[in-house]
Amino acid sequence: MDREALERFYGVFPWFDDPRNERGKRYFESTLSSMDKLVSHPWLEGLSAKGKVKILEVCGGAGFGGAALAKALLEKGIEVELTVTDLRRGILEKAREWGTEVIGDRIKTVPADAKEVHGLGEKFDLALMYGLSTPHFDPWELVRLLASVGESLGDDGIFVVEEGDRRYRVFLMLGYKWALAEAAEEKLTVSFHTGYDFRRGTIRRHYLNFADLGKPVEMETFMWGLAEVAAFVWCFFGEVDLLQLRNERHFILGRKPRRAVVPKDLELPAFLREGQR
């Protein structure tokens, strides 16, 4: 997915992208609570031995997750340096300005594709993907993302993914909706099922915001379950753990990158390259 497609989508989809409105403030408070639980995990408690912890946030958006994690570590007396990445330059500016208010000058932002973060040329102690971002990646893309993040971490590095289970929630509890009201306080958006890609396993929907009845916005997503994302992480990290947050929401933790498969090994098969987005 490219930057323009993401910007169009988040222009109509009701997500948490403003840390200063009431909905954003409530989301950040919830995120702080989740990060307090995360930093008590034995793997993260071991970070206190480091002089400074370098954090990489992928798909960072407004930086809610990275700022909250950095704040939680600072409160435990651990110095941090946070790098927030996303494809969207506008949202990164918001992340930098607001993150500086939360953790001072310990934050920087870099426009980057999550599948290419190894190209930053840095080594990090801890990587984070927060905000239920995995649906933006089909299985072929998630493999490349995990290889890139693994390459960006030190030998004892940890990758943390916030994940839900859509097979449970969407297909078992709610039922898949061919038309759905994606309601929020600031936006009222409806979405419609418009297709399925057998090669990539993605569902295509079109989104329309009632406040701006222009051209519908197309988005393709993959409906990940918790188990398969954890298994994918296991393929790229020597140790894997789950930390339950609430209901089907969990943190998936991977530690010690295997590096058996590195990004340069993962050129897409020809049948996917021909129809690549």
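The values are calculated or read from the model by the stated rules, or taken from the named source; none is laboratory data. All figures in this text were calculated on a predicted structure; none of them were measured in a lab. FYI the Cβ positions are ideal-geometry reconstructions off the backbone, even for glycines, and counts take in every protein chain you see.
Can you find even one residue in segment 205-215 that is within 22 Å of the chain's Cα centre (by Cα) and of a type in the set (A, V, I, L, M, F, W, C)? Checked segment 205-215: no residue is within 22 Å of the chain's Cα centre (by Cα) and of a type in the set (A, V, I, L, M, F, W, C). Against the criterion of being farther than 19 Å from L32 by Cβ and either among the acidic types (D, E) or assigned to a helix (DSSP H, G or I) (or both), V143 qualifies. Checking each residue in segment 52-67 for being of a type in the set (V, I, T), within 18 Å of the chain's Cα centre (by Cα) and either in a helix (DSSP H, G or I) or under 18 Å from D155 (Cβ atoms) (or both) picks out only I55. Within segment 19-37, the set of residues being more than 15 Å from G66 (Cα to Cα) and surrounded by 15 or more Cβ atoms within 10 Å (Cβ to Cβ) comprises just one member, R23.
Taken together, G214, G254, G238 contain a single residue that is closer than 30 Å to G175 by Cα and either outside any loop (DSSP other than H, G, I, E, B) or outside the structural domain of F159 (by TED's automatic domain parsing) (or both), which is G214. Do you know which of the residues in segment 25-63 that are hydroxyl-bearing (S, T, Y) and touching a residue at least 40 places away in the same chain (Cβ under 8 Å) is nearest to I103 (Cα to Cα)? Here the answer is T31.
In the same structural domain as F251 (by TED's automatic domain parsing), free of Cβ contacts under 8 Å to residues at least 12 places away in the same chain, outside any loop (DSSP other than H, G, I, E, B) and not aliphatic (A, V, I, L, M) - does that describe any residue in segment 107-116?
Scanning segment 107-116 turns up no residue that is in the same structural domain as F251 (by TED's automatic domain parsing), free of Cβ contacts under 8 Å to residues at least 12 places away in the same chain, outside any loop (DSSP other than H, G, I, E, B) and not aliphatic (A, V, I, L, M).
Could you tell me whether any residue of segment 176-185 is surrounded by 17 or more Cβ atoms within 10 Å (Cβ to Cβ), outside the structural domain of T83 (by TED's automatic domain parsing) and outside any loop (DSSP other than H, G, I, E, B)? Checked against the condition, which is being surrounded by 17 or more Cβ atoms within 10 Å (Cβ to Cβ), outside the structural domain of T83 (by TED's automatic domain parsing) and outside any loop (DSSP other than H, G, I, E, B), segment 176-185 yields at least one hit. Do we have R259 as part of a loop (DSSP other than H, G, I, E, B), over 20 Å from D138 (Cα atoms), modelled with pLDDT of 95 or more and out of contact with any His (no Cβ under 9 Å at 6 or more places or on another chain) here? Taking the combined requirement at face value, the residue satisfies it. Note on segment 39-51: residues that are outside any helix (DSSP H, G or I) and at pLDDT 95 or above total 3. Looking at the structure I just gave you, is F210 aromatic (F, W, Y), without any contact (Cβ under 8 Å) to a residue 60 or more places away in the chain, surrounded by 14 or more Cβ atoms within 10 Å (Cβ to Cβ) and farther than 22 Å from V143 by Cα? No; evaluated as a whole, the condition is false for this residue. Looking at the structure I just gave you, is V143 at pLDDT 95 or above, farther than 25 Å from R246 by Cα, β-branched (V, I, T) and out of contact with any Ser or Thr (no Cβ under 8 Å at 6 or more places or on another chain)? It is true that V143 is at pLDDT 95 or above, farther than 25 Å from R246 by Cα, β-branched (V, I, T) and out of contact with any Ser or Thr (no Cβ under 8 Å at 6 or more places or on another chain).
Going through (1) in contact with a Phe, Trp or Tyr (Cβ under 7 Å, 6 or more places away or on another chain); (2) assigned to a strand (DSSP E or B); (3) among the basic types (K, R) one by one, R199 falls short only on (2).
Condition check ((1) of a type in the set (A, V, I, L, M); (2) touching a Leu at 6+ places or on another chain (Cβ under 8 Å)) across all residues:
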{"residue": "D36", "(1), (2)": "no, no"}
{"residue": "A68", "(1), (2)": "yes, yes"}
{"residue": "L73", "(1), (2)": "yes, yes"}
{"residue": "V80", "(1), (2)": "yes, yes"}
{"residue": "T83", "(1), (2)": "no, yes"}
{"residue": "E101", "(1), (2)": "no, no"}
{"residue": "I107", "(1), (2)": "yes, yes"}
{"residue": "P111", "(1), (2)": "no, yes"}
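In segment 153-160 there is at least one residue that is in contact (Cβ under 8 Å) with a residue 24 or more places away in the chain and of a type in the set (F, W, Y).
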